Amino acid sequence: MTFKSLGLSDAILKAVQKKGYNNPSTIQIKAIPLILKGEDILASAQTGTGKTAGFTLPMLQILSQQSRWKRRPLRALVLTPTRELAAQVYANIKEYGEFLDIRSTVVFGGVNQKPQVRALRNGVDILVATPGRLLDLHSQKAFSLARIEILVLDEADRMLDMGFLRDIKKILSFMPEKRQNLLFSATFSKEIKKLAGSFLHHPKMIEATPENTTAEKVNQKAYRVDKSKKTTLLIQFILEGNWTQVLVFTRTKHGANKLCKKLLTAGITSAAIHGNKSQAARTKALAEFKKNEIRVLVATDIAARGLDIPLLPHVVNFELPNVPEDYVHRIGRTGRAGASGEAISFVSQEEKTYLKDIEKLLDQKIETENVIGFEPDNSQNKVDQSSQKGSQQKSNRRDGKKKYYDRTKKNKKRTNFNNRNR
Ligand code: AMP
């Protein structure tokens, strides 16, 4: 299969060739012809499958075929959950559209609004945006969504995880009913299916990887590790394995900072990337990581979404995510665009249930082993448990009801806590 046979124009083929792509990826083969026909799409595709080109190439072609405008109305909107992904999609649109008369821009929070407003007022065909800043600028009348012909929701599952559902609905209300809708998501929850049902018109379903599966070429392994020994083990793996580019996930922002400090003390160049860092700091850390100037990037789930780091060889789950779908996203950072990669998880005693949840979601067992000297220290627990057994039994009976109540409350809070802290 070639890009030409998918029906793409010469100007787009030239840009694709310049990028050095020889053959279209599975998602591109499936999505491009359907999008060119004007169909709505519901696509299951992780980052790393080439999904951005999958929607950008046909979108550029459709927009460039239409007559010239005196003053360009905004005709296509790409919504992404994070600033990084927005910047990345925008960079791709620029590259793929290099030989076309198409103007685009990107808006996201955390940076000065003025240049964004100026770019929008000059007239653009395509806008890439995160929902919050988009609504902010829309309320200032910096642009109109009344002429939108194509809407792309990229990483829709993450947008819902981040609580953007209300924003998305509001944005949809500013657009004309008649338009082409493309929805991309790595995982498919009930909520995503409901959202898809609410605005897609007879969508064609396409899949680059089956639902909730991880990239085939990713070698996944888990190690049972005592919580207090995780940092030492990570340092050992990095140094002994001579790993040069490692993406490490922690569950919280505080955890990311703490780990980063310890790695630096051990002489391993690293930076942390999370929601409390300024946009400038995040961009700098990512650029340095990509250029191999730093060895380790420690990230929380939200900050790492959509990062395009080609050929990333190692991903480490320093802590397992308590939302199992996040595991799929995390390890989607390795084994990208056909390359193979390794995803390692450190599992402490308390995280065993998270591992089970992940295995259930993937319908796959993850190979798990011990590393001598780093195993969870159960012996201490046993001593504590036996000495406290008598009095514990009484207090267990007393606390039984309360504990059940606390657990239920905790489960309910799980997702909210997760989103606030990463
Ligand atoms: P994406 O899933 O859109 O984030 O793309 C993942 C990576 O694959 C990016 O670095 C793209 O530049 C690259 N890529 C996209 N399409 C192709 C292709 N057909 N051949 C090789 N690499 C590609």
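Please label the shape of region 68-144 as rounded, prolate or oblate, based on the square roots a ≥ b ≥ c of the eigenvalues of the alpha-carbon gyration tensor (a/c under 1.5 means rounded; beyond that, a/b larger than b/c means prolate, else oblate). Oblate, because a/c is 1.5 or more while a/b does not exceed b/c.
Which chymotrypsin sites (Phe, Trp or Tyr not before Pro) does region 50-132 hold that lie in a coil by DSSP with at most 15 other beta carbons within 10 Å? Could the numbers behind the result be given before it?
Working: sites: PHE55, TRP69, TYR90, TYR96, PHE99, PHE108; in loops: TRP69, PHE99, PHE108.
Those that pass, being in a loop and sparsely packed, are TRP69.
Potential lengthening of the chain between VAL117 and PHE99 amounts to 4.0 nm, from the contour at 0.36 nm per residue minus the alpha-carbon distance. A cut-off under 13 angstrom between Cβ atoms defines the neighbours of ILE29, and their net charge, with Lys, Arg +1 and Asp, Glu -1, is +2. Compute the distance from the alpha-carbon center of region 153-205 to that of region 70-127, in whole Å. Cα centroid to Cα centroid, the span is 20 Å.
Annotation: amide H-H contacts under 5 Å for ASP125 (H modelled 1.01 Å from N, sequence separation of 5 or more, or interchain): ARG103, SER104. Each of GLU375, GLU149 was scored by other Cβ atoms within 10 Å of its Cβ. Listed from fewest to most, they are GLU375, GLU149.
Taking 0.36 nm per residue of sequence separation and removing the Cα-Cα distance, the ASP377/GLN236 pair yields an extension gain of 48.9 nm.
The string of couplings for region 136-146 from the Karplus curve (6.51, -1.76, 1.60, θ = phi - 60°) is 4, 5, 5, 5, 8, 6, 6, 6, 10, 9, 6 Hz, one whole number per residue in order, with x for Gly and Pro. FRET efficiency for the GLU369 to ASN276 pair, using the beta carbon distance and R₀ = 51 Å, is estimated at 0.90.
The label-point distance for ASN322 and GLN140, in a model that sets each label 7 Å from Cα toward Cβ, rounds to 3.7 nm. Once you sort the root eigenvalues of the Cα gyration tensor of region 83-224 as a ≥ b ≥ c, which label holds: rounded (a/c under 1.5), prolate (a/b larger than b/c) or oblate (the other case)? Judged from the Cα gyration tensor, region 83-224 comes out prolate (a/c at least 1.5, a/b above b/c).
When only C-alpha pairs under 8 Å and at least 6 residues apart count, what is the relative contact order of region 218-370, in percent? Provide the component values of the computation, followed by the final result.
On the way: 275 pairs, mean separation 53.3, N = 153.
Across region 218-370, relative contact order equals 35 percent.
Taking loop as defined by DSSP and a crowding limit of 11 other beta carbons within 10 Å, which trypsin sites (Lys or Arg not before Pro) in region 82-141 fit?
Details: sites: ARG83, LYS94, ARG103, ARG118, ARG121, ARG133, LYS141; in loops: ARG103, LYS141.
Passing both the DSSP loop test and the Cβ count: LYS141.
For a quick check of your reading of the filter: which trypsin sites (Lys or Arg not before Pro) in region 16-65 sit in a DSSP loop and have no more than 16 other Cβ atoms within 10 Å? Intermediate values should be presented prior to the final figure.
Numbers: sites: LYS18, LYS19, LYS30, LYS37, LYS51; in loops: LYS37.
Here the sparse-neighbourhood loop sites are LYS37.
Readers should treat all values here as calculations from the given coordinates under stated rules, not as data from a laboratory. This one's a predicted model, so the numbers in the text were calculated from it and none came from an experiment. Heads up, the Cβs are rebuilt from the backbone with ideal geometry, glycines too, and the neighbour counts pull from every protein chain shown.
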